[in-house]
Amino acid sequence: MAAAQTMSIEEFEPKSTLVVPQHRLTRAKYPFIDVHNHQRDVSKARLDALVRDMDSLNMRALVNSIPGGAAGAWVKNAVASMKAHSPNRFAVMTTIDFNGAGEPGYGQKAAAQLEEDIKNGAAGLKVWKNFGMTLRDSNGRIHLDDPRFDPVWEMCAKYRIPVLIHTADPWGLFQPMDKDNERWLELKLQSGRNHSQDHDYTWETLIAEQHNLFARHPKTIFIDAHLGWLGNDLGKLGALMDRLPNVYSEIGAVTSELGRQPRFARQFFIKYQDRLLFGKDRWSVPEYYTYFRLLETADEYFDPIRKYHGIWKLYGLDLPDEVLKKLYYKNALKLFPSIGAAAFPK
């Protein structure tokens, strides 16, 4: 009794007594493309193991990028290694070279590096959350809609390559760590994710800058990563997509948001079925199983991937087959044509 009375909230892991139908999936119903993944090691040994895991999951292709940034030589090497190993199984994204961002002519220089990477096989541009949050020059924080970067977005439009952009973090991580914050446990377990003391920007500021960037470059295709951190407000994300047809989104790291609102989320996926992509972010074979269960079944009250992503259980969306096909591969093939459609169902 004494031990139970002194147990911390982090240790509290109650076992449900609910008895309901369960469908524990370990393989996707249709072949899929993961558009948001990070594989730094592109050696033959690593790619051998990676392809075995991909085959077990029914993952037909993976789009690779490196968190924090890698352009130039790394991109050229990664494209050569991955294409030589498994043609049409991989695509590689480059990043923006932020070196010299405060110098004259920076935008043209960064765009030139991007063009070189595209000619070396880069299929997209990945922008990490440091852009807008931690990147600074002599004038302070570099804003997401800073016009110095216009040549970069224009280069993406010229070559029709998509921009996968991760901006900010969930709204609750920017709020006080108090009794009203549903992300309290996440902040307790992951103190480095607490942005409530970041004084030179707010979540609202970052998201407004991102949406302004999308609007200012209507010919550039943007994939708003992690549902744009609007998984808790799908109506707002839908309004953004209605207003800006160049904006797509993906579902990496937001299963807990979707699984707590299965009816509304299902309606959202059906309505915006042509604009949503499958993304996972962190590589973990067992975690894909939760994605398949969430998307393909009507299961009730099952565990999230990581408890600090939400203090609630998940409910399956039971998506229609045609919506699943678009989410799993059809929409990605439109944005990453180098993968090739031959290995996918019509």
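Rule-based calculations on the coordinates, nothing more; no lab input. What you see is a predicted model; the values in this text were computed from it and never measured. Positions of Cβ are backbone-derived with ideal geometry, glycine not excepted, and every protein chain shown enters the neighbour counts.
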**Study point:** Partners for K179 among lysines (Cα-Cα distance below 21 Å; same-chain residues under 8 apart left out)
**Key:** K188, K307, K313
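Given R₀ = 41 Å, FRET efficiency for T6-E300 by Cβ-Cβ distance, to 0.05?
On the way: r = 33 Å, r/R0 = 0.81.
The calculated FRET efficiency here is 0.80.
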Point to revise | Cross-link partners of K219 among aspartates and glutamates (Cα-Cα below 18 Å; sequence separation of 8 or more within a chain) | key: E115, D145, D146, D150, E154, E209, D242, D274
**Study point:** Spin-label pair Y159/V285, simplified geometry with 7 Å Cα→Cβ offset, distance in nm
**Key:** 3.4 nm
Point to revise | Tally of Lys pairs whose C-alpha atoms are under 23 Å apart, taken over segment 1-135, 8 or more apart or cross-chain | key: 10
Review point. Distance in nm between label sites at S196 and R216, each 7 Å beyond Cα in the beta-carbon direction?
Key: 3.2 nm
Review point. Under the definition of Cα pairs under 8 Å and six or more residues apart, what whole-number percent is the relative contact order of the chain?
Key: 19 percent
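Once the piece of chain linking D318 and Q22 is laid out straight, how much longer is it, given 0.36 nm per residue of separation minus the C-alpha distance between them? The partial results should precede the final answer.
Numbers: separation 296, 0.36 × 296 = 106.56 nm, distance 1.29 nm.
My answer for the length gained is 105.3 nm.
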Study note, to complete from the structure: From DSSP H assignment alone, runs of 4+ in the chain each adding -39500 (n - 2.57), the sum over residues rounded to the nearest 500 puts [θ] at 222 nm at -10500 deg cm²/dmol
